Amino acid sequence: MLGRGHFPYQLSWLIDNPMRRLLVTPEQLANRLPLMESSVILEVGPGSGYFSVELARRVPRGRLELLDLQPEMLAKAKRKLLAGGFQNVGFTTQDASSPLPYEDETFDIVVMVAVLGEVSSAEKCLRELLRVVRLGGVLVVHEHMPDPDRIPLSELRLLIEECGYMFRERSGPLWNYTATFERPIDG
Ligand SMILES: C[S@@+](CC[C@H](N)C(=O)[O-])C[C@H]1O[C@@H](n2cnc3c(N)ncnc32)[C@H](O)[C@@H]1O
C-alpha cells in the first residue's frame, strides 16, 4: 500500500479502518479458507492483525502463526489477540523471503492479504512457503484495490504456478479477489 516498500506501522489505522469491511470482512476471508477446528495456519504479513483475530477464533484446537517484518505491527496484532484471550498464536518477526523458522510441511494453510507485492523477492518467499505447507495444503492470497502494490490475478497465477503450486479457485471480483492455490500431493 502507498507505493513500493512495506506499509509503515505508523499508518496501521488505515488498514484497521472499519470502512475496509466494504471490501472484505475477516469473516468473509475466513469462510473462503478450507478451515477445520484443528487447522494449523501461517499468516504472512498480518500487519496489525485485522484478519488474525477471526483466524484464531476459527482454529480452537489448532494454531495460528503470525510472521511480519515489522515488530511494531506484530505488537499491535498481539494486543488484539491477547485481548481476545487466544493462547494458540505464535509471533515471529522476520522477512518472509528469508529461510523461515518452521519445519517442512508444518502448515495446512498459508494466508497473505495485501502482502506479496511488498515482498522484495516474491519468488524466494513463495518457494519457502511451498516448503512449509503440507502436501495437499493451500496458499491463499487476497489482493484488493486501492493497494498500489496489488498484484493482478493473471500475474499472480504465473508467479505462483511457476513455483509449483496448482491454481484451485478464485472468489470475488478481479479488483478484490481471493485466490487459492494447492501444493500438489504428488508435487
Ligand atoms: C499492507 S500491510 C497488510 C497487513 C494485513 N495483511 C492486512 O491486510 O490488514 C502489509 C504487511 O506485510 C508486511 N510485510 C511486507 N513485506 C514483508 C516481508 N518481506 N516479510 C514479512 N512481512 C512483510 C508489512 O510489514 C505489513 O505489516
Open item on the list: Going residue by residue through the stretch 48-58, is there one that turns out to be among the β-branched types (Val, Ile, Thr), without any contact (Cβ under 8 Å) to a residue 60 or more places away in the chain and near the ligand (Cβ under 10 Å from one of its atoms)?
Closed with: no
Open item on the list: Testing residue 153 on (1) open to solvent by less than 70 Å² (accessible area, probe 1.4 Å); (2) in contact (Cβ under 8 Å) with a residue 40 or more places away in the chain, one condition comes back false. Which one is that?
Closed with: (2)
Open item on the list: Condition (residue is touching a helix residue (DSSP H, G or I) at 6+ places or on another chain (Cβ under 7 Å) and on the phi < 0 side of the Ramachandran plot) applied to the stretch 127-138: is it met by at least one residue?
Closed with: no
Task: Residue list for the stretch 37-96, filter: under 16 Å from the mean Cα position of the chain (by Cα) and among the polar types (S, T, N, Q) - done: 39, 48, 52, 70, 92, 93, 94
Open item on the list: Just checking, does the stretch 2-10 include any residue being part of a loop (DSSP other than H, G, I, E, B) and under 22 Å from residue 82 (Cβ atoms)?
Closed with: no
Task: So residue 29, is it in a helix (DSSP H, G or I), crowded, with 17+ Cβ neighbours inside 10 Å, in contact with a His (Cβ under 7 Å, 6 or more places away or on another chain) and at pLDDT 95 or above - done: yes
TODO: Among the residues of the stretch 59-73, write down those that are more than 18 Å from residue 40 (Cβ to Cβ) and either more than 11 Å from the ligand (Cβ to nearest atom) or open to solvent by less than 10 Å² (accessible area, probe 1.4 Å) (or both).
DONE: 73
Open item on the list: Return the residues of the stretch 90-117 that are within 7 Å of the ligand (Cβ to nearest atom) and surrounded by fewer than 20 Cβ atoms within 10 Å (Cβ to Cβ); say none if nothing qualifies.
Closed with: 94, 95, 97
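The values are calculated or read from the model by the stated rules, or taken from the named source; none is laboratory data. Remember, it's a predicted structure, so these values are computed and weren't measured experimentally. Reconstructed Cβ throughout: ideal geometry from the backbone, glycine too, with neighbour counts over all protein chains shown. Quick note on the areas: whole protein, heavy atoms, side chains included, nothing else; ligands and nucleic acids left out. Shrake-Rupley method; radii C 1.70, N 1.55, O 1.52, S 1.80 Å.
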